[in-house]
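Here's the structure, in structure tokens; my notes come after.
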Amino acid sequence: CVFIVHNVPSRTEIMNMTEQCLNSFRDTADEYEYEIVFFDNGTRDNGETTEYLKRKATEFVSSGRAKRAEVIRHAHNDSIAKCWNEAIEWANGEIIVLLNNDIVFNKSGWMGVLIYNLLSNSNVGVTGGHQMVWNDFSFLEGAFLCFRKDTALRIAENGKVFDERFQFTCEEVDLCRRIEMAGMRLLGTAIQTGGWATHLGY
């Protein structure tokens, strides 16, 4: 599971929503054994965000919630695509779950919805929380993305799963395009409409 934080000092709600996100994640994802990686993506606050994420990583492991946790700090605010690519390389697990830090997890079972729908059909390449259509092109919103690591590596281009030329948006659209070009399906799930989680959309 991957979370990226970029704490802009002028936006005091960022750390509050991150705390709410991670606490609700902790309380609702305990039916699975997972590893978790946090990114401090170029925050300039004398290391406060990095230290906060390190405390969270320690909490997740010491409480038995996560079998492995790490914080990766970028000196500069890099593209989300670059962070996701690093996370895929870091992960030992078979399944990657990319999650925004502006999500509130309302009840247990959301991770099972993502994973079950991914594994129940070998033709499904990516599951997500919300399927969108733009200019007649269908894609999964990047707030919740779940895929097999080996599937992602199979569609990688120049060794990268996500195209790092996308600075902040459309990287999930490009991933979905390549998944479909490889003959696999996208599958939106009922995570949000079923009340398992809420994407606040900050």
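The values are calculated or read from the model by the stated rules, or taken from the named source; none is laboratory data. Everything numeric in this text was worked out from a predicted model, so none of it was measured. Positions of Cβ are backbone-derived with ideal geometry, glycine not excepted, and every protein chain shown enters the neighbour counts. Please note that ligands, DNA and RNA were not included when accessible areas were found on the heavy atoms of the full protein model with its side chains. Shrake-Rupley method; radii C 1.70, N 1.55, O 1.52, S 1.80 Å.
Tabulated values for the structure
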quantity	calculated
Extent along principal axes [Cα atoms of the range 72-158; Å; largest to smallest]	37, 35, 32
Residue-span extension gain [residue 45 to residue 92] - 0.36 nm each, minus C-alpha spacing	13.8 nm
Among beta bridges that DSSP assigns inside the chain, antiparallel share in %, nearest 5	45 percent
Estimated 222 nm signal from helices in the chain, with DSSP H stretches of n ≥ 4 weighted -39500 (n - 2.57), rounded to 500	-10500 deg cm²/dmol
Cα-based Lys pair tally, the chain, threshold under 22 Å, eight or more apart or on separate chains	9
Rough spin-label spacing in nm, given labels placed 7 Å along Cα→Cβ, for residue 163 and residue 67	3.5 nm
Qualifying GluC sites (Glu not before Pro) in the range 57-111, DSSP loop, other Cβ atoms within 10 Å at most 12	94
Carbon + sulfur, % of accessible area of the chain - ligands and nucleic acids excluded, 1.4 Å	48 percent
Interatomic Cα distance distribution for the chain, bins of 5 angstrom, percent	1, 7, 16, 21, 22, 18, 10, 4, 1, 0
Net lengthening on full extension, residue 155/residue 33 (0.36 nm per residue, minus Cα-Cα)	41.3 nm
Estimated distance in nm for a label pair at residue 11 and residue 131, the labels positioned 7 Å out from Cα along Cα-to-Cβ	3.0 nm
Cα-centred dipole magnitude for the range 125-193, charges only on beta-carbon of K, R (+1) and D, E (-1), debye, nearest 20	260 debye
Surface accessible to a 1.4 Å probe, per residue, for the residues of the range 1-72, Å²	48 Å²
